[in-house]
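Single-structure report; data block below.
The values are calculated or read from the model by the stated rules, or taken from the named source; none is laboratory data. Because the structure is a prediction, the values reported are computed rather than measured. Cβ: placed from backbone, ideal geometry, glycine included. Neighbour counts: every protein chain shown.
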Amino acid sequence: DSGVTQTPKHLITATGQRVTLRCSPRSGDLSVYWYQQSLDQGLQFLIQYYNGEERAKGNILERFSAQQFPDLHSELNLSSLELGDSALYFCASSVDAGRGGYTFGSGTRLTVV
Amino acid sequence: QQQVKQSPQSLIVQKGGIPIINCAYENTAFDYFPWYQQFPGKGPALLIAIRPDVSEKKEGRFTISFNKSAKQFSLHIMDSQPGDSATYFCAANTDKLIFGTGTRLQVFP
């Protein structure tokens, strides 16, 4: 157990729907990162939050949004889902703003049908 | 310039062999170079990492070699075991981790 908790582990939903993925960072970590992993694109950085504030943005679609709450857990919202959004979504956390290594959760496997 | 290029895409070795995975980068602002190991159905786990002021780092059977002038770094796995069969990712960090495309390693008994 890495200490980073992601729920749910699996999610199957239909195109056009909206889902929310949840992440609880490791105790003491202030930064949360979201990554998307698909077969043909590896691990793609989506977005980072540090202590509640958005810190960095990567290749995140406009249909996707995220936030970090005062208790430091984070949620990734995916809307108007398309078949191509099917992927593993990982959350990672780190104690600082990100100049070292991250601890990853076990991921949420999203399948859009 | 934010890319990290990783090769090979896949690697097959026999038990006891020394697989080598290579990565290259362009951005000289990168200042932290970790390697992650990922098993099927699991998240990536930090294996070993190096900073650019060091040319080599060993942790157990895993060694990172770092060539700052060539902007390349590599992972060597000594005395590889079937349990090392996994996907390995190199990465580089300034303010966020940028990952290579991954190398699927299979170690046969």
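Being crowded, with 16+ Cβ neighbours inside 10 Å and touching a Phe, Trp or Tyr at 6+ places or on another chain (Cβ under 8 Å) is the filter here, so list the residues in the stretch A:65-96 that pass it.
A:A66, A:Q68, A:S74, A:E75, A:L76, A:L78, A:Y89, A:F90, A:C91, A:A92, A:S93, A:S94
I'm checking my understanding of the structure. Among residues of the stretch A:3-23 that are closer than 26 Å to B:G102 by Cα, in contact with an Asp or Glu (Cβ under 9 Å, 6 or more places away or on another chain) and not in a loop (DSSP other than H, G, I, E, B), which one is farthest from the other protein chains (Cβ to nearest Cβ)?
A:R22
Taking A:D96 and the conditions (1) in a strand (DSSP E or B); (2) touching a Ser or Thr at 6+ places or on another chain (Cβ under 9 Å); (3) closer than 27 Å to B:V4 by Cβ, which numbered condition does it fall short on, given that it satisfies the others?
Only one criterion is unmet by A:D96, namely (1).
I want to confirm something. Restricting to the stretch B:40-61 and keeping residues that are assigned to a strand (DSSP E or B) and over 23 Å from A:D1 (Cα atoms), which single residue is nearest to the other protein chains (Cβ to nearest Cβ)?
B:I50
From the residues in the stretch B:25-43 that are of a type in the set (G, A, S) and more than 13 Å from B:N93 (Cα to Cα), which one is surrounded by the most Cβ atoms within 10 Å (Cβ to Cβ)? Step through it out loud before you land on a result.
Step one: of the stretch B:25-43, the residues of a type in the set (G, A, S) are B:29, B:41, B:43.
Then keep just the ones that are more than 13 Å from B:N93 (Cα to Cα); that gives B:41, B:43.
Working: B:G41: 10, B:G43: 22.
So the residue we want is B:G43.
Give the residue that is farthest from the chain's Cα centre (by Cα), with candidates limited to residues of the stretch A:57-73 that are under 19 Å from A:S24 (Cα atoms) and small (G, A, S). Break it down into steps so the answer makes sense when it comes.
First, pick out the residues of the stretch A:57-73 that are under 19 Å from A:S24 (Cα atoms): A:64-73.
From what's left, small (G, A, S): A:65-66.
Details: A:S65: 10, A:A66: 8 Å.
If we take residues in the stretch A:57-73 being under 19 Å from A:S24 (Cα atoms) and small (G, A, S), then A:S65 is farthest from the chain's Cα centre (by Cα).
So that you can scan it fast, the table gives a plain yes or no per residue for (1) of a type outside the set (D, E); (2) outside any loop (DSSP other than H, G, I, E, B); (3) within 12 Å of the chain's Cα centre (by Cα); (4) at pLDDT below 95:
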{"site": "B:T63", "(1), (2), (3), (4)": "yes, yes, yes, no"}
{"site": "B:F66", "(1), (2), (3), (4)": "yes, yes, yes, no"}
{"site": "B:H76", "(1), (2), (3), (4)": "yes, yes, yes, no"}
{"site": "B:S80", "(1), (2), (3), (4)": "yes, no, no, no"}
{"site": "B:Y88", "(1), (2), (3), (4)": "yes, yes, yes, no"}
{"site": "B:A92", "(1), (2), (3), (4)": "yes, yes, yes, yes"}
{"site": "B:I98", "(1), (2), (3), (4)": "yes, yes, no, yes"}
{"site": "B:T101", "(1), (2), (3), (4)": "yes, no, yes, yes"}
{"site": "B:L105", "(1), (2), (3), (4)": "yes, yes, yes, no"}
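When the stretch A:49-88 is examined, which residues are found to be assigned to a strand (DSSP E or B) and under 16 Å from A:T111 (Cα atoms)? Outline the logic, then answer.
So the first thing to find is which residues in the stretch A:49-88 are assigned to a strand (DSSP E or B), and the list is A:49-50, A:53-57, A:64-68, A:74-78, A:87-88.
A:F64, A:L76, A:N77, A:L78, A:A87, A:L88, listed by residue number.
Of everything in the stretch A:24-48 that's part of a loop (DSSP other than H, G, I, E, B) and among the polar types (S, T, N, Q), which residue is farthest from the other protein chains (Cβ to nearest Cβ)?
Within the stretch A:24-48, the match that is farthest from the other protein chains (Cβ to nearest Cβ) is A:S27.
Can you name every residue in the stretch A:3-60 that is at pLDDT below 95, among the hydrophobic types (A, V, I, L, M, F, W, C) and either in contact with a helix residue (DSSP H, G or I) (Cβ under 7 Å, 6 or more places away or on another chain) or over 17 Å from A:G84 (Cα atoms) (or both)?
A:L30, A:A56
Conditions tested, residue by residue: (1) away from chain A (no Cβ under 14 Å); (2) surrounded by fewer than 21 Cβ atoms within 10 Å (Cβ to Cβ); (3) touching a Cys at 6+ places or on another chain (Cβ under 6 Å).
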| site | (1), (2), (3) |
| --- | --- |
| B:T63 | yes, yes, no |
| B:Q72 | yes, yes, no |
| B:I77 | yes, no, no |
| B:S80 | yes, no, no |
| B:T87 | no, yes, no |
| B:K96 | no, no, no |
| B:F99 | no, no, no |
| B:T103 | no, no, no |
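What pairs can you find where one residue is in the stretch B:50-74 and more than 16 Å from B:A92 (Cα to Cα), the other is exposed (fewer than 13 other Cβ atoms within 10 Å of the Cβ), and their Cβ atoms are less than 7 Å apart, with a gap of 6+ or different chains?
B:R61/B:D79; B:T63/B:E56
Among (1) buried (at least 17 other Cβ atoms within 10 Å of the Cβ); (2) within 13 Å of chain B (Cβ to nearest Cβ), where does A:R99 come up short?
(1)
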